Amino acid sequence: MAITQLSVFLDNRPGQLAAAVRLISQAGVNIRALSLADTKDFGLLRLIVDDVPRAKSVLSEHSIVLETPVVAARMDDVSGALDRILRLLEATQINVEYMYAFTGAAAGSAYVVLRVDDAEAAEAALHGGGVSLLSDEEMDEIV
Amino acid sequence: MSNYYQKEIETASRETILAIQNEKIVRQVRYVYEHVPYYKKLMDEKGVSPGDIHSVDDIRLLPFLSKADLRDAYPYGLLGTDLRNCVRIHSTSGTTGKRVVAFYTQKDIDMWEECCARAIVAAGGSEEDVVQVCYGYGLFTGGSGLHGGSHKVGCLTLPMSSGNTDRQIQFMMDLNATILCCTPSYAAYIGEVLAEKGYRPEDNRLKAGIFGAEPWTEEMRRSIETSLGIKAYDIYGLTEISGPGVAFECEAQSGMHINEDHFYVEVIDPDTGEVLPEGSKGELVFTTLDKEGFPLLRYRTRDICVLSREKCSCGRTHVKMRKPMGRSDDMLIIRGVNVFPSQIETVLLNEGYAPNYRIEVDRVGNNDTLDVYVELNPDQFSDKISDIQAREKRLEGAMRAMLGIGPKMHLVAPRTITRSEGKAVRVIDRRKLHD
């Protein structure tokens, strides 16, 4: 199963990132996770939010927004947990485009969001290895 | 003491020159009317026939030709003779995708090369000189023109074309080049590289430079003269009329003599087309007097200029034009290459972008820079950085194919390019090109 990430195009100019984040907070939307990838000319802001339609609506006024399906996996917050997940993907030659990870508030939990070239195969590989994947609802419930 | 390549004509009296022009124009107009249906039609529409043209004073009766006509006539519409009589083409940018192709018979080539020879001798050249030609060779007329002129004078010609500056300098020093021919910004760059390599101006054998194909200021001239230890001469031309050598500077360095025995010049008001009195600032219009392959009558150059018939200390009697002071259209010259914003727009539309773009031109050091900012359409957005970068690369390739140079492409968010209420201001040129 996949979760919905929002990808936002940002000109690499002062204030662009802040403006995007401000729009989301003014709309009362909560960001659960984010990553910002940069090039010389532009940035790509990737967000996991608790209200996708609302966030997409306000961000579309500022820039271009895309909904991208990504895979979110839960792991133990211990050394080696991420390594294990990546080995499962490597074994089936699934390519990871990008990823970002964060710890949960509850002790012992961590999460990783992955964009892979074959989401279905990734889900099968991770499931097969006993890794639990999150749905949109479950992402919302993380504390 | 002045040297002339063709002393008699270069120092001929006004009466003699006028007599030559009057004889030639009658023949050239009849020739064009009989050989170029495209222009015959324009003349017929205007109600002018060859019989109405008795002297150069009657040129004002003839219809104008513009870049748009040359584009519409591509490729053979303005050809003046059978292809079997033509020995070469040269080509220059059109305003959109269609280029302009000029045809030359051997006689046209000889005439053109003689004009360039006049320029080289005016710069002090003779068969004792070694001429380094760093203008581009190929479709561009710069390289071929100065190359041919150098041959006619009998100089040793180094056909370097542009680029590979290390090799340019190696040959310049090892083969004792005495005259340098290239764009002024390249000359300035060569000066910098020579200094970096530890050469002083007195270490090279150069005595003169013949620089053109782009606008340059008096300040830039002095800077080049100091850094290379030479006298720097201006040269002017356009592919449509022949190439470089339509006009050239003499030792007075105060304007370029137009080769009036081959080209008749008028200055017009760009908005009304009215011929302006001598000394007025206006658009240069050229009429070829003895071309065969691609004869053009009243071709509007879009260059804004002033003419002067003041006596010149060099002894030449042909009218002088000052450096062009700007354009009456939106053409840009970037690194010596003619670029029209409309060409850029054509590429963007072909590649599926909306025409929300901005062109920025600047000069960094001695190099012109060209940046194009265009808005990304929502349906072109991708979550992958590599996709967006691939788009920019693809655009750069398409631009290079169209323009001959590659701008740096920047994709930007929608609605970031200012919309204007009236005429869109799409070009920002930060260079100071004119005095």
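Values quoted throughout were computed directly from the atomic coordinates according to the rules given, and no laboratory measurement underlies them. Quantities reported herein were computed from a predicted structural model and do not represent experimental measurements. With ideal geometry, Cβ positions are generated from the backbone for all residues, glycine too; neighbour counts draw on all protein chains shown.
Here are a few things to note about the model shown:
- Net lengthening on full extension, B:L349/B:S49 (0.36 nm per residue, minus Cα-Cα): 103.8 nm
- Under the simplified labelling scheme, the B:S13-A:A124 pair shows an inter-label distance of 9.9 nm, with each label point 7 Å from Cα along Cα→Cβ.
- Check: chain B dipole with +1 on Lys, Arg Cβ and -1 on Asp, Glu Cβ, in debye: 520
- DSSP beta bridges fully contained in segment B:36-191 are about 45 percent antiparallel.
- Counted by neighbouring Cβ atoms within 10 Å, the residues B:L228, A:L36 run from fewest to most as A:L36, B:L228.
- On the principal axes of its alpha-carbon atoms, segment B:270-332 has extents of 35, 30, 25 Å, going from largest to smallest.
- Computed over segment A:3-68, relative contact order equals 49 percent, with contacts defined as Cα pairs under 8 Å that lie 6+ residues apart.
- Mean partner shielding of peptide B:271-282, defined as the number of other chain Cβ atoms within 10 Å of each residue Cβ, is 0.
- Basic side chains Lys and Arg get +1 at the Cβ, acidic Asp and Glu get -1 at the Cβ, and with that the dipole of segment A:3-68 about its Cα centre reaches some 80 debye.
- Normalised by the number of residues in segment B:7-328, the mean separation of alpha-carbon contacts (under 8 Å, six or more apart) gives a relative contact order of 18 percent.
- What separates the Cα centres of segment B:87-152 and segment A:78-136 is a distance of 66 Å.
- Relative to the globular-protein estimate of 2.2 N^0.38 Å, the Cα radius of gyration of chain B stands at 1.02.
- Rg(Cα)/(2.2 N^0.38 Å) for chain A, N = residue count: 1.08
- Selected from B:V48, B:I224, B:V374, residue furthest toward positive end of dipole (the protein assembly as shown; charges at beta carbon): B:V48
- Diffusion coefficient (Stokes-Einstein, Kirkwood radius over C-alpha pairs, 37 °C, 0.692 mPa s) for segment B:333-429: 235 µm²/s, rounded to a whole number.
- Other protein chain Cβ atoms within 10 Å, averaged over every residue that makes up B:380-391: 5
- Gaussian network model of chain B, springs between alpha carbon atoms under 10 Å - residue of B:A187, B:A102, B:A354 with greatest fluctuation: B:A354
- GNM result for chain B, Cα springs below 10 Å: residue of B:L65, B:L403, B:L175 fluctuating most strongly: B:L175
- Of the beta bridges in the protein assembly as shown, as assigned by DSSP with both residues counted there, near 75 percent are antiparallel.
- Summing Cβ point charges (Lys, Arg +1; Asp, Glu -1) relative to the Cα centre of the protein assembly as shown gives a dipole of roughly 1180 debye.
- With neighbour counts taken as other beta-carbon atoms within 10 Å, the residues B:M321, B:M331 rank, fewest first, as B:M331, B:M321.
- Peptide-level mean, for B:365-378, of C-beta atoms on other protein chains within 10 Å: 1
- Over segment B:200-320, the alpha carbon radius of gyration divided by the compact-protein estimate 2.2 N^0.38 Å works out to 1.17.
- In the elastic network of chain B, a GNM with C-alpha springs shorter than 10 Å, the most mobile of B:I53, B:I179, B:I388 is B:I388.
- Put in order of Cβ neighbour count within 10 Å, fewest first, the listed residues A:H127, B:H54 become B:H54, A:H127.
- Working value for the protein assembly as shown: equivalent-ellipsoid semi-axes of 62, 28, 20 Å, each the square root of 5 times a Cα gyration tensor eigenvalue, largest first.
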